[in-house]
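Remarks on the structure that follows.
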Amino acid sequence: MVRFKKCFKCRAVKSLDEFYVHQQMADGHLNKCKECAKIDVKAHRLKNIEKVRLYDRLRGKNKERIAATVAHNRIWREQDRRRSKAHSAVARAIRSGKLVRCPCVFCGEQKSIAHHENYDYPLDVVWLCQPCHMKKHKGE
């Protein structure tokens, strides 16, 4: 059974799966659609960037978050040891000067990270900025 709701921001009538769940609302969903909520969050972040950055830094120091990150990293390393060894090899090669960081091969951004096509060749990397790296992993 698909139910519909009207967004109070854009006035569009959309199905309930296009609204975030919110227990305090009568129908259990926020009165603003996901698209409008994302626009508002992005605008708030840009308007209050210093406050948001401070909040993010403090949140990252939370003991539960640190423990969760450590656990996640441990699992990530155990899933494929070659991956961890390749990342370490790149870091050592950059420090020693054997490998030089280059701009992103797609967009030219100077701040780039090493992407491995094959972990069996740890120093054979492609330099990508974070957004292009994410696109590469998503298959775009």
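Please treat every number below as a calculation from the coordinates, not as lab data. Remember, it's a predicted structure, so these values are computed and weren't measured experimentally. Cβ coordinates were reconstructed from backbone atoms using ideal geometry, including for glycine residues, and neighbour counts include every protein chain displayed.
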field: Distance in nm between pseudo-label sites at Leu58 and Arg74 (7 Å out along the Cβ direction from Cα)
entry: 2.9 nm
task: Could you tell me which of Asn62, Ala91, His29 has its Cα farthest along the dipole of the chain towards the positive end, charges placed at Cβ (Lys, Arg +1; Asp, Glu -1), taken about the Cα centre?
output: Asn62
task: Could you tell me which trypsin sites (Lys or Arg not before Pro) in the range 29-114 are loop residues by DSSP with no more than 12 other beta carbons within 10 angstrom of their beta carbon?
output: Lys61, Lys98, Lys111
message: Suppose a student asked you for the relative contact order of the chain, using Cα pairs under 8 Å spaced at least 6 residues apart; what percent would you report?
response: 12 percent
field: Under 14 Å, Cβ to Cβ, from Ala71 - net charge with Lys/Arg +1 and Asp/Glu -1
entry: +2
query: Which of Lys32/Lys111; Lys6/Lys136; Lys14/Lys42; Lys47/Lys85; Lys98/Lys135 have a Cα-Cα distance over 32 Å?
result: Lys32/Lys111; Lys6/Lys136; Lys47/Lys85
message: With 10 angstrom as the radius, rank Val105, Val41, Val90 by how many other C-beta atoms surround their C-beta, starting from the fewest.
response: Val41, Val105, Val90
- prompt: Tell me, what is the FRET efficiency for Leu16 and Ile39 to the nearest 0.05, using R0 = 22 angstrom and their Cβ-Cβ distance as r?
  reply: 0.65
task: Give, rounded to the nearest 20 debye, the magnitude of the charge dipole that the range 1-132 has about its Cα centre when Lys and Arg contribute +1 at Cβ and Asp and Glu contribute -1 at Cβ.
output: 560 debye
